[in-house]
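Colleague: Okay, here's the structure, questions in a sec.
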Amino acid sequence: MPDRRARARELAAEFIQKGDPIGWFEVLYQEAEEGKSEVPWADQRPAPHLVEFWKAHPIETAGKSALVIASGLGDDAEQLAAWGFKTTGFDISKTAIDATKKRFPRTAVEYVVADLFAPPSSWLQNFDFVFESNTLQALPAALRPPAIQKISRFVTPGGSLLVIARGREKTDPEGQLPWPLTREELAGFVRAGLREESFEDFADPEPPWVRRFRALYKRL
């Protein structure tokens, strides 16, 4: 079976070597639009571990806002909107945002081209629910701490952040993209001023059967 992540890994390595560790996302989405490659995390369905979490821990959404980090092709943002949030999804890739708007022409979600490391100032502590999945594990280690700081700052007082990522022990090999995160790395959200409400460490029940971390944080 061909490796769905081979092209993404190739592009990431190329752009990291050039000193542009996030520039490859736009290239990958462009190639996917042209049918030359695929976006391996674009499953055209909401993240199953988000849906599972929501079924077990639904929260009030009336009058609440949500933000999806690196919204890709929009499935998670659309799901949050369906649950009742006033939802914003952003991605650094203009091609991804354009493709999302074509997929969901009548969407209630506000889709924005934005850079996680230079977001609109109006987003600071402005969202009741923030969802992060796949982004941190697609960034090299040096970028994860500042990314965690930026993500934390989107959460309004009383708001929550749900993070889902591949997981590993600190002593395990770092592996290759998508790079599994350690619990110590995710503790950066606490150091950024959030409180850990829950932390789950589990084996993915479906392919690729990897170890997952799912953590809920709250700003008091």
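Values in this text are rule-based calculations from the coordinates and carry no lab data. It should be emphasised that the depicted structure is a prediction, and the values quoted were computed from it without experimental measurement. In this analysis, Cβ positions are derived from the backbone assuming ideal geometry, glycine residues included, and neighbour counts consider all displayed protein chains.
Colleague: Which fully enclosed helices (runs of 4 or more DSSP H) of segment 1-83 have 2 or more residues being of a type outside the set (Ser, Thr, Tyr) and closer than 23 Å to Pro105 by Cα?
Modeller: 24-33, 75-82
Colleague: Output the number of the condition that Lys170 fails; it satisfies all remaining conditions of (1) surrounded by fewer than 19 Cβ atoms within 10 Å (Cβ to Cβ); (2) out of contact with any Asp or Glu (no Cβ under 7 Å at 6 or more places or on another chain); (3) in a loop (DSSP other than H, G, I, E, B).
Modeller: Every condition holds for Lys170 apart from (2).
Colleague: Quick check: anything in segment 4-25 crowded, with 17+ Cβ neighbours inside 10 Å, of a type in the set (Lys, Arg) and in contact with a strand residue (DSSP E or B) (Cβ under 9 Å, 6 or more places away or on another chain)?
Modeller: No.
Colleague: Glu206: farther than 22 Å from Gly72 by Cβ and either small (Gly, Ala, Ser) or outside any helix (DSSP H, G or I) (or both), yes or no?
Modeller: Here the answer is no, as Glu206 does not meet what is asked.
Colleague: With respect to Asp115, is the statement that it is among the acidic types (Asp, Glu), free of Cβ contacts under 8 Å to residues at least 24 places away in the same chain and either over 19 Å from Gly188 (Cα atoms) or part of a helix (DSSP H, G or I) (or both) true?
Modeller: no
Colleague: Mind listing just one residue for me: the one in segment 143-167 that is over 12 Å from the mean Cα position of the chain (by Cα), in contact (Cβ under 8 Å) with a residue 60 or more places away in the chain and part of a helix (DSSP H, G or I) and, of those, surrounded by the most Cβ atoms within 10 Å (Cβ to Cβ)?
Modeller: For segment 143-167, the residue satisfying everything is Ser152.
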